[in-house]
Amino acid sequence: MARGQITRQPSKAGRHDKVRNVGAPPSSRSDRVGSKKAGTRNAAALKSAKKTGVAPKGYNPIAPERVKEILKRLDATYPNVKCALHHTNAWELLVATILSAQCTDVRVNMVTPALFKKYPTPQDIAALKPEALEPDIRSTGFFRNKAKSIVGAAQAVVNEFGGKVPDDMDSLLTIPGVARKTANVVLGSWFGKAEGVVVDTHVHRISRRLELTKNNDPKSIEQDLMKVIPRDKWIEFSHQIIHHGRALCVARNPKCVDCPLENICHAADKTWSTVEIHKTAQP
């Protein structure tokens, strides 16, 4: 190991009890002492880094070179990512996305098979009253509002669009329960059209941590990301960040020690860092 180089492992003061350690566990007293010293140095490094607080003069978090490097590392870590919501057509994806609000994709994927088997077409749901749909989607939370949105969406698709989900943003936004996030999911994941960037809770949080935006509302975040992310990466970027948010950059306990973006991320809530911390890089 080069002189002065610190072994890459979680700091003693960190929260990485469940994160994979780099290297084999110490097997002797001398190893344990060395590990303890390394852990102390890492803790000191993180503490020192946090003192920086302000980004250095001239630092540009949205410089094309930095954005390109972020995208390169995401491509290497999450290649060929797809939408996590199970679906076989645009209508099913639209419904699944409405159900995913304040709910995990895992839960949605548990609910939708039976739902789509019982009501396979928009016409089937359009004929219902929202109350009839509630028992089928109860476990996704906020089921009353979601039932109203889904029935309203079905009626709009049937009455206004001939039973087919439209493939343009303006038309999608006229459908009950469909805002830009849902429209972007349907357009990107089913129709392959990059009309915007999906901003869910993961994209919202991680884009701020990476200093790609300083805004806090989804519409403004989307506009910021559309300016710095190449259009041909809009669809893939959202999928990659969502996967990253689930696998490593988790909200309550980011696994910074394993993160491929660690040395170009200056987030204020990092649990392990080899770079300075920026107080403006807040989730």
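The values are calculated or read from the model by the stated rules, or taken from the named source; none is laboratory data. Just so you know, these numbers come straight off a predicted model, no measurement behind them. Reconstructed Cβ throughout: ideal geometry from the backbone, glycine too, with neighbour counts over all protein chains shown. Heads up: the accessible areas ignore ligands, DNA and RNA and are worked out on the full protein's heavy atoms, side chains in. Shrake-Rupley method; radii C 1.70, N 1.55, O 1.52, S 1.80 Å.
Details
- Interatomic Cα distance distribution for segment 139-220, bins of 5 angstrom, percent: 3, 14, 19, 19, 20, 14, 7, 3, 1
- Compared with the direct C-alpha span, the chain from Thr201 to Asp167 gains 9.8 nm at full extension, assuming 0.36 nm per residue.
- Percent accessible area from carbon and sulfur atoms, segment 80-171, protein chains only, probe 1.4 Å: 51 percent
- Computed magnitude of the charge dipole of segment 140-214 (debye, nearest 20; Cβ of K, R +1, Cβ of D, E -1): 460 debye
- Calculated FRET efficiency for the pair Ala127/Lys279, C-beta based, R₀ 45 Å, to 0.05: 0.25
- Mean-position separation - Cα centroids, segment 143-180 and segment 59-132, in angstrom: 16 Å
- Within the accessible area of segment 200-283 (1.4 Å probe), percent carbon and sulfur: 52 percent
- Unsatisfied cross-links (Cα-Cα over 23 Å) in the set Lys164/Lys193; Lys82/Lys214; Lys57/Lys219; Lys57/Lys270: Lys82/Lys214; Lys57/Lys219
- If the segment from Leu71 to Arg231 were pulled out straight at 0.36 nm per residue, it would be longer than the present Cα-Cα gap by 56.4 nm.
- Solvent exposure of segment 132-224, expressed per residue, is 44 Å² of accessible area, with all protein chains present and a 1.4 angstrom probe.
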